[in-house]
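Every number in this text was worked out from the coordinates using simple rules, so none of it is lab data. All values reported here derive from a predicted model rather than from experimental measurement. Cβ atoms come from the backbone with ideal geometry, glycine included; neighbour counts cover every protein chain shown.
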Amino acid sequence: MRRKLAAGNWKMNGTKAALAELDAMAEAAKGDAEVLICPPATLVDAACGKGVLIGGQDCHAEASGAHTGDISAAMLKDAGATHVILGHSERRMDHDEHDEHVRAKCKAAWDAGLVVVLCCGESLAQREAQNTLDIIGGQLAGSIPDGATGHSLVVAYEPIWAIGTGKVPTMDQIGEVHDFIRSRLEKRFGEGVGRSVRLLYGGSVKPSNAAEIFAVSNVDGALVGGASLKAADFVPIIDALNASA
């Protein structure tokens, strides 16, 4: 059985005062589902030990070197992180990251012992052109290195047009993509590994729609943005995931 996972991406939000939110989240994390928070890099060290898993939001493909302002996977691991988000659409767009960059970062994260939460998703134009599955298939093939396992990889489907917009795909649309991702992983890595990788949905997940999303085929949890900043918003999502476990 794949253990459910509620992951929160704080993006460029939060100072030390925000860590108080983790206390309430830690209580909800005592259920069946795992809870992961990915705060800004400045808070990774301070956030560890508060009852939830902690991850980074990105890492460099190199282990060290002359890369001013960047953070390596080994540095995240040393600070106490267990996971790292890679390939988020905001990184792909704002920093011109392509599949080959994400793939290299993924290798570096695995070498450092981090679990990768790999993001994929289509734009609204790609969705309207009915190219969604082609886009997702290409991102999976190009971004995931060989050697993936259910212990080292989590895949998060985040339609770009649903992130922070309040727009949510239909449950049938979510199910279609998650079933497609599952089939692609099974075909490439074998049935055992393909079935063991957890698949998260992300994009305007909130307490009011969480239970419905978690009932969809092959949805093993969520990657949540804004609603993960406050325990009052994130805990009901965690509770809904625990109830679906």
Discussion item. Relative contact order of region 137-245, please, whole-number percent, based on alpha carbon pairs below 8 angstrom and at least 6 residues apart.
Written reply: 28
Practice prompt. Enumerate the calculated ³J(HN,Hα) couplings along region 218-235 in order (Karplus 6.51 cos²θ - 1.76 cosθ + 1.60, θ = phi - 60°), each rounded to whole Hz, writing x wherever the residue is Gly or Pro.
Written response: 6, 9, 9, x, 9, 10, 10, x, x, 6, 8, 6, 10, 4, 4, 8, 7, 4
Worksheet, complete the sentence: Phi angles of region 54-62, converted by Karplus (6.51 cos²θ - 1.76 cosθ + 1.60, θ = phi - 60°) into ³J(HN,Hα) in whole Hz with x for Gly and Pro, give 10, x, x, 9, 5, 8, 7, 6, 9
Fill in: Cut-off 15 Å between beta-carbons: net charge of the residues surrounding Gly147, Lys and Arg +1, Asp and Glu -1
+2
Practice prompt. Take the alpha-carbon centre of region 29-80, take the same for region 191-238, and report the distance between them in whole Å.
Written response: 20
Worksheet item: Given +1 on the Cβ of Lys and Arg, -1 on the Cβ of Asp and Glu, and no further charges, what dipole in debye does region 5-244 carry about its Cα centre, rounded to the nearest 20?
Response: 180
Worksheet entry | Relative contact order (percent, whole number), the chain, Cα cutoff 8 Å, 6+ residue spacing | 22
Worksheet entry | In the chain, lysine pairs with alpha-carbon atoms under 22 angstrom apart (chain gap of 8 or more, or interchain) | 24
Practice prompt. Could you list which residues have their amide H under 5 Å from that of Ala156, counting only those 5 or more apart in sequence or on another chain, with H placed in the peptide plane?
Written response: Leu118, Cys119, Cys120, Leu200
Item to complete: Report, by chain and number, residues whose modeled amide H sits under 5 Å from the one on Asp58, excluding near sequence neighbours (fewer than 5 apart, same chain).
Response: Ile85
Worksheet item: Amide H neighbours of Ile37 under 5 Å, counting only residues 5+ apart in sequence or on other chains, H built in-plane at 1.01 Å?
Response: Gly8, Leu53, Ile54, Gly55
Worksheet item: In whole Hz, what ³J(HN,Hα) sequence does region 5-17 give by Karplus (6.51, -1.76, 1.60; θ = phi - 60°), x for Gly and Pro?
Response: 9, 9, 10, x, 10, 7, 6, 8, 9, x, 10, 4, 4
